[in-house]
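Here the structure comes first, spelled out in structure tokens, and everything after it is commentary.
The values are calculated or read from the model by the stated rules, or taken from the named source; none is laboratory data. On a predicted model such as this, the values are computed, not experimentally measured, just so you know. All Cβ positions, glycine included, derive from the backbone under ideal geometry; neighbour counts span all protein chains shown.
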Amino acid sequence: MTPAVRYRRWLPMAALCTLALAGIWVPEAAVHGVDLDRRLAAPSLAHPLGTDSVGRDVFARVAAGGVRALVAVALTLAFGLVAGVALAALWFASPRGLRAPLLRLCDLAVGVPSLLVALIVAGAVGLSPLSAALALAVGGAGSVAHLVIELGRGAARSLPVMAARALGGTPLHVFRRHLAPTLAPPILLVQGYEAGRVLLAWSALTFLGVGADTGQPDWGAMVFEYRMHLFDAPLLVLGPSAAILALALACACVADPRAPASTAGDPD
Amino acid sequence: MRRAAVWAGLVVALTLAAFALPRALPGHPAETVLFRQGVVPTPEAVLAFTEQAGLNRSVPEQFALWIRRLAVGDWGRSLRGGEPVAAGLLDRLPISLIIGAGGLALGAGLALVLGLAAAAGSRTAAVLSRMLALLAQAVPAFVAGLAAILLFGVELRWIRPFGGGLLERVALPTALVALYSAGALARLVALEARRAMAMPFFVVARAKGLPMAMAVRRHAGPFGAIALAAALRVEAAWVVGGTAVVEVLFAAPGLSAWMVDAIGDRDWPVLQAYILLIGLWLILVQAFANAALARLDPRRRR
């Protein structure tokens, strides 16, 4: 497998990130600039997706919403990964009696309805990529911990790790050279799936709008706000919807099960 | 005996969480509710409100009172209108239950049928379950819901999603929850059924001359059903959020919209009731899945 093929599954994600990051350079006026003289304008070169009911540029809003969505997804995955690995480390470090309750705690984290927790957190402190990530990461932390514990138990008993320890390798050395390379690929694969799930949850949160700042150009909020214009200006709904779809598919591409990271065959 | 103790512990932890979580939100209901009612929150007004709502008692006292009343079916009163929470629940619970539990049951049934058909070699079933899984993974439920309103409510005019009777109002949301959970579950069923089909007893069944469809149903089906029951426990948590989204989209007067308002108003009794119900729902699905697993899987009966 050549590197070009290995990185190809990152292409859609890279393209979308570039497009969304272009949203950072969109002048603030275009995102929030109200211009009642050009309400519901048809698509043009100046406004590729037209303008909304108060004359804001829809493309600029979709791009700006994309940056917030990417931040929310990245933060959620990062929190889940750190908390999950910490939980797993705690499990490995704890005596036998404490291990079962810790596993039950991970089960509980996986079973908690994350959207509901996120709604309550958003109601308490307001909806932002940070607050949403803190709540949505709970489930991810549980599943990462499970995965690391499961894989780590196997890896700790594997021949190379035992050999490295017998040769006097420090724990850091064993972790860096033997454990991390074994554990990383499956965890990253799961994170790819998780990214799509988190993106949909973030969209749902912004759609429901609990504790949200209604001026923020989030994709879910845009669909909620523009759904009245489904007939007179369908692009207003289609733009953010297509953006969610494209980013979710890009996440699915990254987590493609046929990629070399997984040896399991595709069932269908 | 031990299992009963675990369930009892879970329920106790649940009531504690349901009581504590709303109180952990910043802000006191006195401010939000008085503001909503257009009353200036002077110290006297706040004092009168907290006294009337029984919030001036100590926290353990409030908890004990809540539990004592719950035991006799009194869920307390909403802080906003003073209406009994039990009456509000009775109005809204059936709608949420049809959409959530009904949708999950429909989705599980569909997954079993699709998954086994795909395992038996049906291309259509395999492609369909794959597309449903992709839909759930890439399209937000509210976008699919808008498309469904557009198609069935506006273009075809089969149903009136916002008017009409109870059935018409909940038909689309229930179908959405079912379709969203069916895809991934169907692929899981197919995967497990195929694993069973590689085992010797299945080869024997086929060699006896059992037709493929019947052999799959009889000998690979239980394996698919076991995997399905195990996966239901995780899916139940998703259904809570999914139901909230479709209820808001279709303006169905279920529990979720009530809860969303209650968070904003810090309506503690309503939030307590909602969290308690969601927790009970998760515990019930867990218990149901465990019972189904025990029934389906003879290896667990020892």
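Descriptive notes on the structure:
So that you can scan it fast, the table gives a plain yes or no per residue for (1) modelled with pLDDT under 90; (2) under 11 Å from A:Leu205 (Cβ atoms); (3) β-branched (Val, Ile, Thr); (4) assigned to a loop (DSSP other than H, G, I, E, B):
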site	(1), (2), (3), (4)
A:Ala118	yes, yes, no, no
A:Ala124	yes, no, no, no
A:Leu127	yes, yes, no, yes
A:Gly139	yes, no, no, no
A:Ile149	yes, no, yes, no
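- Here region B:142-160 is the region considered, the condition is being among the aliphatic types (A, V, I, L, M) and more than 7 Å from chain A (Cβ to nearest Cβ), and the residue that is surrounded by the most Cβ atoms within 10 Å (Cβ to Cβ) is B:Ala148.
- The single condition among (1) surrounded by 14 or more Cβ atoms within 10 Å (Cβ to Cβ); (2) modelled with pLDDT under 75; (3) closer than 30 Å to A:Leu189 by Cβ; (4) of a type in the set (D, E, K, R) that A:Arg6 does not meet is (1).
- When we screen A:Val210, A:Val223 for residues that are within 8 Å of chain B (Cβ to nearest Cβ), in contact with a helix residue (DSSP H, G or I) (Cβ under 8 Å, 6 or more places away or on another chain) and not in a helix (DSSP H, G or I), the only hit is A:Val210.
- Unique match (being modelled with pLDDT of 85 or more, at positive phi and of a type outside the set (Phe, Trp, Tyr)) among B:Gly121, B:Gly76, B:Gly82, B:Gly107: B:Gly121
- Qualifying residue in region A:100-120 (condition: surrounded by fewer than 15 Cβ atoms within 10 Å (Cβ to Cβ), under 30 Å from A:Ile244 (Cβ atoms) and either among the small types (Gly, Ala, Ser) or within 17 Å of the chain's Cα centre (by Cα) (or both)): no
- Residue check, B:Pro43 farther than 30 Å from B:Leu188 by Cβ and surrounded by 14 or more Cβ atoms within 10 Å (Cβ to Cβ): no
- Region B:266-292, residues that are among the small types (Gly, Ala, Ser) and touching a Ser or Thr at 6+ places or on another chain (Cβ under 9 Å): B:Gly279
- Scan of region A:226-258 for residues that are facing another protein chain (nearest Cβ under 8 Å), over 17 Å from A:Thr76 (Cβ atoms) and touching a Gly at 6+ places or on another chain (Cβ under 9 Å), ordered by number: A:Leu249
- Odd one out for A:Gly23 among (1) modelled with pLDDT of 75 or more; (2) under 20 Å from the mean Cα position of the chain (by Cα); (3) surrounded by 19 or more Cβ atoms within 10 Å (Cβ to Cβ): (1)
- Residues that are within 12 Å of chain B (Cβ to nearest Cβ) and part of a helix (DSSP H, G or I), drawn from region A:106-116: A:Asp107, A:Leu108, A:Ala109, A:Val110, A:Gly111, A:Ser114, A:Leu115, A:Leu116
- When restricted to residues that are without any contact (Cβ under 8 Å) to a residue 12 or more places away in the chain and within 14 Å of chain A (Cβ to nearest Cβ), region B:17-38 contains 3.
- Flag if B:Leu188 is without any contact (Cβ under 8 Å) to a residue 24 or more places away in the chain, of a type in the set (A, V, I, L, M) and in a helix (DSSP H, G or I): no
- Among residues of region B:222-240 being crowded, with 21+ Cβ neighbours inside 10 Å and modelled with pLDDT under 85, the one that is farthest from the other protein chains (Cβ to nearest Cβ) is B:Trp238.
- Single residue of region B:256-302 satisfying the filter (closer than 17 Å to B:Ala105 by Cα and among the small types (Gly, Ala, Ser)) that is surrounded by the most Cβ atoms within 10 Å (Cβ to Cβ): B:Ala289
- When region B:117-141 is limited to residues that are over 23 Å from the mean Cα position of the chain (by Cα) and crowded, with 24+ Cβ neighbours inside 10 Å, the one that is nearest to the other protein chains (Cβ to nearest Cβ) turns out to be B:Ala118.
- Every condition in (1) of a type in the set (Lys, Arg); (2) over 26 Å from B:Ala225 (Cα atoms); (3) in a helix (DSSP H, G or I) holds for B:Arg206 except the one numbered (2).
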